1. Counting only residues that are part of a helix (DSSP H, G or I) and without any contact (Cβ under 8 Å) to a residue 60 or more places away in the chain, how many does the stretch 104-141 have?
2. Looking at (1) closer than 13 Å to residue 142 by Cα; (2) surrounded by 13 or more Cβ atoms within 10 Å (Cβ to Cβ); (3) modelled with pLDDT of 70 or more, find the lone condition where residue 127 falls short.
3. So which residues in the stretch 59-75 are surrounded by 11 or more Cβ atoms within 10 Å (Cβ to Cβ) and within 40 Å of the chain's Cα centre (by Cα)?
4. From 159, 183, which residue is surrounded by fewer than 18 Cβ atoms within 10 Å (Cβ to Cβ) and either farther than 24 Å from residue 123 by Cβ or in contact with a helix residue (DSSP H, G or I) (Cβ under 6 Å, 6 or more places away or on another chain) (or both)?
5. Just checking, which of 150, 170, 195, 188 is buried (at least 18 other Cβ atoms within 10 Å of the Cβ) and in contact with a strand residue (DSSP E or B) (Cβ under 6 Å, 6 or more places away or on another chain)?
């Protein structure tokens, strides 16, 4: 009797040790992913918006000098600067949307997912019925999974996302062409589990992957 209890205790301890190891690895992946996202945003700010602002500062000085001597050239330069300002604003808005989508509220989750598909130029299916109990963190998790699906969608693929309230949880499913070796899938699992949810990833035909998950709403 005592031997069986000791064996059961050892099995429990071994399982707990394995869970602690996986938990540490999961948290490390989340931190590394967050750092990678920040570096990517920094590069885009430096190579995009910052370069536009530097060019605008230079052109302002040029325009100021031209006003006295060549009004036509000054006007042409101001027109170019106006286009640069519009492009800089567009790039800034794009970066802001990547950080947090402007429509990511429970009542607008479906609209946000459809807008992402339109922006990606990818034919897609969105079926979402989510109540007011859906938190922004839950909505953001589904949104990030959907973005990954849209990025990897092939020419013939038609990604699909469904989400619905289900007994105190939000059940969701994303079907698309994923690369199983892509670390983004592991990060998705980590994010879902960090919010107390669970996720299953199944291979379908070809490269098609079905991501099935559930996230608590309370």
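1. 19
2. So residue 127 meets the others, but not (2).
3. 59, 60 - these are the residues of the stretch 59-75 that are surrounded by 11 or more Cβ atoms within 10 Å (Cβ to Cβ) and within 40 Å of the chain's Cα centre (by Cα).
4. Testing whether each residue is surrounded by fewer than 18 Cβ atoms within 10 Å (Cβ to Cβ) and either farther than 24 Å from residue 123 by Cβ or in contact with a helix residue (DSSP H, G or I) (Cβ under 6 Å, 6 or more places away or on another chain) (or both) leaves just 183.
5. Going through 150, 170, 195, 188 in turn, just one is buried (at least 18 other Cβ atoms within 10 Å of the Cβ) and in contact with a strand residue (DSSP E or B) (Cβ under 6 Å, 6 or more places away or on another chain): 170.
The values are calculated or read from the model by the stated rules, or taken from the named source; none is laboratory data. All values reported here derive from a predicted model rather than from experimental measurement. Quick reminder, even Gly has a Cβ in these numbers, built from the backbone with ideal geometry, and neighbours come from all protein chains shown.
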